[in-house]
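The structure under discussion appears below in the form of structure tokens.
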Amino acid sequence: MKVRVRKFTRFLTSSQVPFVVYGAVAAAMVCIWLLRRFHEDFAFDLLAELIGVAFTVFIIDTLLVRSKTRRWRIVQENVDYLIARTINRLRDGVALRAFQFEPEVSGDSLSFSDEAVRSQRAAFLLRLSGLESGALTERLFEKELFSKDSYAYFNEKSEEIWGILNMKYSEYLEPSLVALLIDLHIRLKDVCGYIRHYQKAERFPGASSGRYRETGRRGAGREFVEILRILNALKEMGYSRPPDAMAEGHSLS
């Protein structure tokens, strides 16, 4: 259902002509048709001109713009997959590196499915997203989060998202999706900044070391409040799939 809604929304927003234009043309035609009783010849002349305008708008919008969108649909599907795969991996990295997520494995660990792990992770991130900044800060896995490896990881993911936004084919992305990805890129960069700030305590082990750590913790906590919101919103939009989704026809849900 979510996939159908998203595709219908994309269909509506793919038009280069605002729907108010079509509405105005239709309303004008109705008005002219009603006015024909006062001056029939003049009304029919106006109606013929308006039909020409409507046909021109239809040609530009449908035959040119939408035909181009249909031709590039295969590219759009691959871009969707690329975003979904990146977000899925980022969700895993946030859960593990920032909050020490560990799935509860029941029975034989070898037979425990990846789908079950993803389901637990989704519930875990959803619970965290309901926390206030202070409470979320207390849940941070400091030892792992404020490390050089985590800095490199979150910086890499922010660059991956920025790379997607700057692809030649990003013009086909929905504006709401682009806004979320830009916001996510900025938040990840800010997390990297707070990790660096936290690490200053190692270079300045004096009285100011505690201040550096606390500022880094609080700043990262605030950013992860928004990062979790964005990641959950992207998942709701269908943008969170494991890499094997490529073999399943890019079925986002």
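The values are calculated or read from the model by the stated rules, or taken from the named source; none is laboratory data. Only a predicted model underlies this, so the values are computations on that prediction, with no experimental measurement involved. For neighbour counting, all protein chains shown are included, and Cβ atoms are generated from backbone atoms with ideal geometry for every residue, glycine included.
Those helices (runs of 4 or more DSSP H) of the stretch 1-116 in which at least 1 residues are in contact with a Pro (Cβ under 7 Å, 6 or more places away or on another chain) and modelled with pLDDT of 75 or more, considering only elements entirely within it, cover 73-93. F146 meets each of the listed conditions (1) closer than 27 Å to Q76 by Cα; (2) surrounded by 13 or more Cβ atoms within 10 Å (Cβ to Cβ) apart from (1). Applying the condition of being over 15 Å from A179 (Cβ atoms) and of a type outside the set (G, A, S) to the stretch 237-253 and asking which residue is modelled with the highest pLDDT yields R241. The set of residues in the stretch 162-184 being under 22 Å from G221 (Cβ atoms) and either touching a Gly at 6+ places or on another chain (Cβ under 9 Å) or surrounded by fewer than 19 Cβ atoms within 10 Å (Cβ to Cβ) (or both) consists of I182, D183. As for the stretch 188-195, it holds no residue that is surrounded by fewer than 19 Cβ atoms within 10 Å (Cβ to Cβ), over 19 Å from N232 (Cα atoms) and at pLDDT below 95. All conditions but one from (1) closer than 21 Å to R203 by Cβ; (2) modelled with pLDDT under 95; (3) among the small types (G, A, S) apply to A152; the one that does not is (2).
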